[in-house]
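Visitor: What follows is a single structure, and I will ask about it in a moment.
The values are calculated or read from the model by the stated rules, or taken from the named source; none is laboratory data. Keep in mind that what you see is a predicted model, and the values were worked out from it rather than measured. All Cβ positions, even for glycine, are placed from backbone atoms using ideal geometry, and neighbour counts span all protein chains on display.
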Amino acid sequence: MFFEQIATERGCQSYIVGCQETCAAIVVDPEISQVDRYLAVAAKQGLRIHYLVDTHTHADHFSATCKISEMIDASVVMHRNCAAPFVDIRVNDGESLIVGKLRVNFMHTPGHTADSMSVILPDRVLTGDTLLIGSTGRTDLPTGDPDQLYDSLFNGLMRLDLGLRIYPGHDYKKLGHSTLEKELAENPRLQNSSRAAFVDQMEALNLNAPQHLTEALRTNLSGGKTVAQLISEASNRVPFMSMEEVLSRIESGQPDILLLDVREKDAYENAHLPGALLIPRGQLELRVNDELPDPTRRIVVYCELGKISTLAAATLRDMGFERTVALDGGFKGWAEANYPIVIDTP
Ligand SMILES: [Fe+2]
């Protein structure tokens, strides 16, 4: 069995599991920033990814199952309690998928969320956020339930062979893996096996809401895109021009570029690049016919920080302005570098 654990900077863990004999593989809990890595690891190992499994609806990071399934012919697998419409195969407790000669078994382990499941392999369990190393998933987010988590731990996972290794969905301390036996003996949350004590303990945690909670639930439940994903996809098809290059063109007196400021009117009037034309991002599509009649113009778009300008440049390229580029940086960086600006006097 091929097995590789891939971690993000924020401690999210995902796993590539493959049958080396048949070259079939699955990815468990893929995260959006690591898409190229999963595909590269699979390619390097000569594996084809058949299934993209999410152990639950993540509330704290962005799943890549949808994105990868658009790129390759692989099915998205989740527990049947998951409400997301893009799931191809909904599995239930006690079911398994065949991955080459490997059987991948699923155990419904609700509590962190109602759709949480653990992925059981011959010698290990991928526990998602049900059981972490030295901790458990929280139960205070949507569909969480400490009573159910108690059953999933004490009457579910801990009834498996205790020699099984566990690989969690999050590992903030870079511990990698543990075993069920070790967790039963040492995990602070499992030291009192009374249901009431466990539920009290979970309800007393009083944790902060995860960063990006709303955006994670929106995108992970709909298959929609994150803001960072929109900007990243736009930046993959837009060339950039450095501030130094733009400056030298302005100083040459024959810039051969049209500087387009897509910020709001008051920001533009406050200060803008010399010779820049103002079309706020929100009015761009409706005003290009009047203000940018020549689609062959070489346009350099800028905004305050360099993100909105990337989206605006991608839009202009979609509309046929094929020589549009974005300023590498924003007005803020330009002004901080003490490059020339123009202040409109009323
Ligand atoms: Fe989670």
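Visitor: Which one of the conditions (1) surrounded by 22 or more Cβ atoms within 10 Å (Cβ to Cβ); (2) within 19 Å of Gly176 (Cα to Cα); (3) touching a residue at least 60 places away in the same chain (Cβ under 8 Å) does Pro30 fail to meet, given that it meets all the rest?
Guide: The one condition Pro30 does not meet is (3).
Visitor: Determine whether the stretch 235-242 contains at least one residue that is in a loop (DSSP other than H, G, I, E, B), buried (at least 18 other Cβ atoms within 10 Å of the Cβ) and in contact (Cβ under 8 Å) with a residue 40 or more places away in the chain.
Guide: There is at least one residue in the stretch 235-242 that is in a loop (DSSP other than H, G, I, E, B), buried (at least 18 other Cβ atoms within 10 Å of the Cβ) and in contact (Cβ under 8 Å) with a residue 40 or more places away in the chain.
Visitor: Same structure again: Residues that are away from the ligand (no atom under 16 Å from the Cβ) and part of a loop (DSSP other than H, G, I, E, B): does the stretch 96-105 have at least one?
Guide: yes
Visitor: Still on this structure, please answer the following. Looking at this structure, is Arg103 closer than 16 Å to Ile16 by Cα and either surrounded by fewer than 18 Cβ atoms within 10 Å (Cβ to Cβ) or among the β-branched types (Val, Ile, Thr) (or both)?
Guide: yes
Visitor: Then there's this: Working carefully through the options Val300, Val325, Val288, find the one that is aliphatic (A, V, I, L, M), free of Cβ contacts under 8 Å to residues at least 40 places away in the same chain and surrounded by 14 or more Cβ atoms within 10 Å (Cβ to Cβ).
Guide: Result of the check over Val300, Val325, Val288: Val288.
Visitor: Please indicate, with yes or no, whether at least one residue in the stretch 271-285 is assigned to a strand (DSSP E or B) and either closer than 30 Å to Thr139 by Cα or among the acidic types (Asp, Glu) (or both).
Guide: Checked against the condition, which is being assigned to a strand (DSSP E or B) and either closer than 30 Å to Thr139 by Cα or among the acidic types (Asp, Glu) (or both), the stretch 271-285 yields no hits at all.
Visitor: Take Ile68 and decide whether it is under 21 Å from Cys82 (Cβ atoms), at pLDDT 95 or above and more than 14 Å from the chain's Cα centre (by Cα).
Guide: Criteria not met by Ile68.
Visitor: Being under 24 Å from Asn155 (Cβ atoms) and either within 24 Å of the chain's Cα centre (by Cα) or not acidic (Asp, Glu) (or both) is the filter here; which residues of the stretch 87-96 pass it?
Guide: Arg90, Val91, Asn92, Gly94, Ser96
Visitor: Scan the stretch 189-227 for residues that are within 19 Å of His170 (Cβ to Cβ) and of a type in the set (A, V, I, L, M) and report the count.
Guide: Residues in the stretch 189-227 being within 19 Å of His170 (Cβ to Cβ) and of a type in the set (A, V, I, L, M): 8 in total.
Visitor: Go over the candidates Gly18, Gly111, Gly94 one by one and state the one that is surrounded by fewer than 20 Cβ atoms within 10 Å (Cβ to Cβ) and not hydrophobic (A, V, I, L, M, F, W, C).
Guide: Checking each option against the conditions leaves just Gly94.
Visitor: Got a number for residues in the stretch 188-206 being in contact with a helix residue (DSSP H, G or I) (Cβ under 8 Å, 6 or more places away or on another chain) and closer than 15 Å to Gly111 by Cα?
Guide: 8
Visitor: How many residues does the stretch 303-322 hold that are under 25 Å from Glu336 (Cα atoms) and surrounded by 19 or more Cβ atoms within 10 Å (Cβ to Cβ)?
Guide: Residues flagged as under 25 Å from Glu336 (Cα atoms) and surrounded by 19 or more Cβ atoms within 10 Å (Cβ to Cβ) within the stretch 303-322 amount to 8.
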